[in-house]
Amino acid sequence: MKFALALAALLGSTAVVMAQDIPAPFGKPENQWATPPGEGAKWGSTAGIERGPKGEIWAIDRCGANSCDGSDRAPIVMLDMKTGKAIKAIGAGLFVFPHGLHVDRSGNIWVTDGGVSKDGTKGLQVIKLSPGGDVLLRIGTAGQRGNDETHLQSPSDVITAPNGDIFVTDGHAPIAGIVPAELNMRVMKFARDGKFIKQWGKAGAGREDFNNPHALALDGRGRLYVADRVNNRTMIYSQDGKFIAEWKQFGRPSGFYITGDRLYAIDADSAEANHPGGWKKGVWIGSIREAKAEAFVPDDTAGEGVVIAPDGNMYGAVNVVPRGITRYLKK
């Protein structure tokens, strides 16, 4: 441990610190803590869990399976954080493969849909919903892949800025019949009414390149964080797409949550084969100001979404076994 800390001091705040050398401020994961609506219902895959402006917590349930195509189940669920039970669910019949989740400052819910329905009429859109489930806005052309301003190829996440601007990551892989090098790997920016403004990125590993851009976050200074998952890094940009920083000290991120100076980055995929050097699955926690990982919560079943609830506990959204919502009690 002394060697690791000395190395970190020598190399600076962005040095990689191994998980075993820093504390875990949360307890062991409690898998499948929450229950979806419906008598005896089981939770499906989920990649999203988010906190609203009043502390409300929403999560994605892929209709008890890994797809909502053909299901009449509502996949966007509000949870009671005391009991883990569903308060309500919205979005029935709207989605194929709900993936990215965002709750804006007015409490509206934004969802990215990365799949295509069998009949080709749904999917590949970003849909904005009211808390009651009314459709307020759509971005992209339903059921049609594309790489222009009005089509999405495989949208993974969405977030809105205080001025209403909308950011979307497009490039979730793999897609049958399309090799990764031919995929869109981009961040798209839209006005609050859904009008396209600009985009940046392509397949690659450079400063404006991505390989499976998977999640988004904004910090208190308005900087945009992109989970560039397969490149094993966090990329930070201005809201106009200007490169600011590349961080590799927060693992292989699948999802983010930011509160104040704290960054929570959940790593669902690290293994020696895809992220050499001792990286483990779990949640990295650290200071944004110092660009430093200061804590790690190990979890071999870590998911793709993470949030801190008003009770101070941490919750994760798990897309593989065991599917559902994991609770991590604050120590």
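Would you call Val226 at pLDDT below 95 and either of a type in the set (Ser, Thr, Tyr) or touching a Pro at 6+ places or on another chain (Cβ under 9 Å) (or both)?
Values: at pLDDT below 95: no; either of a type in the set (Ser, Thr, Tyr) or touching a Pro at 6+ places or on another chain (Cβ under 9 Å) (or both): yes.
No: the conditions fail for Val226.
Of all residues in segment 59-85, those that are over 8 Å from Gly44 (Cβ atoms) and touching a residue at least 60 places away in the same chain (Cβ under 8 Å) have Cβ atoms under 7 Å from Cβ atoms of residues that are assigned to a loop (DSSP other than H, G, I, E, B) and among the hydroxyl-bearing types (Ser, Thr, Tyr), 6 or more apart or on another chain, in Ala59/Thr46; Ile60/Thr46.
Say we look at segment 19-66 and pick out the residues that are assigned to a loop (DSSP other than H, G, I, E, B) and aliphatic (A, V, I, L, M); which of these is farthest from Phe296 (Cα to Cα)?
Ala41
Of Gly146, Gly220, Gly204, Gly177, all but one fail to be closer than 23 Å to Glu304 by Cα, at pLDDT below 95 and not charged (D, E, K, R); the exception is Gly204.
Residues are listed down the side, and each one gets a yes or a no for (1) surrounded by fewer than 16 Cβ atoms within 10 Å (Cβ to Cβ); (2) polar (S, T, N, Q); (3) within 25 Å of the chain's Cα centre (by Cα); (4) at pLDDT 90 or above:
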residue	(1), (2), (3), (4)
Ala6	yes, no, no, no
Ala9	yes, no, no, no
Ala19	no, no, yes, no
Ala24	no, no, yes, no
Lys42	yes, no, yes, yes
Ala47	no, no, yes, yes
Glu50	no, no, yes, yes
Pro53	yes, no, yes, yes
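Identification of strands (runs of 3 or more DSSP E) wholly contained in segment 104-144 with 2 or more residues that are touching a Pro at 6+ places or on another chain (Cβ under 8 Å) yields 109-116, 123-129. Only a single criterion out of (1) farther than 24 Å from Asn232 by Cα; (2) under 21 Å from the mean Cα position of the chain (by Cα) is not satisfied by Lys202, namely (1).
Residues of segment 300-330 being hydroxyl-bearing (Ser, Thr, Tyr) and more than 14 Å from the chain's Cα centre (by Cα), which ones? It would help to see each step written out before you state the result.
So the first thing to find is which residues in segment 300-330 are hydroxyl-bearing (Ser, Thr, Tyr), and the list is 301, 315, 326, 328.
Across segment 300-330, the qualifying residues are Thr301, Thr326, Tyr328.
Please go through segment 105-127 and pick out each residue that is at negative phi and surrounded by 20 or more Cβ atoms within 10 Å (Cβ to Cβ). Hits for segment 105-127 are Ile109, Trp110, Val111, Thr112, Asp113, Gly114, Gly115, Val116, Lys122, Gln125, Val126, Ile127. Return yes when Thr160 is in contact with a strand residue (DSSP E or B) (Cβ under 8 Å, 6 or more places away or on another chain) and closer than 18 Å to Gly123 by Cα and no when it is not. Criteria not met by Thr160.
Rundown of residues vs (1) under 20 Å from Asp170 (Cα atoms); (2) β-branched (Val, Ile, Thr); (3) loosely packed, with under 15 Cβ neighbours inside 10 Å, yes/no style:
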{"position": "Gly204", "(1), (2), (3)": "yes, no, yes"}
{"position": "Ala217", "(1), (2), (3)": "yes, no, no"}
{"position": "Gly220", "(1), (2), (3)": "no, no, yes"}
{"position": "Met235", "(1), (2), (3)": "yes, no, no"}
{"position": "Arg252", "(1), (2), (3)": "yes, no, no"}
{"position": "Ser270", "(1), (2), (3)": "no, no, no"}
{"position": "Asn274", "(1), (2), (3)": "no, no, yes"}
{"position": "Ile288", "(1), (2), (3)": "no, yes, no"}
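The values are calculated or read from the model by the stated rules, or taken from the named source; none is laboratory data. Owing to the predicted nature of the structure, the values given are computational and were not obtained by experimental measurement. We place every Cβ from the backbone using ideal geometry, glycine too, and count neighbours over all the protein chains shown.
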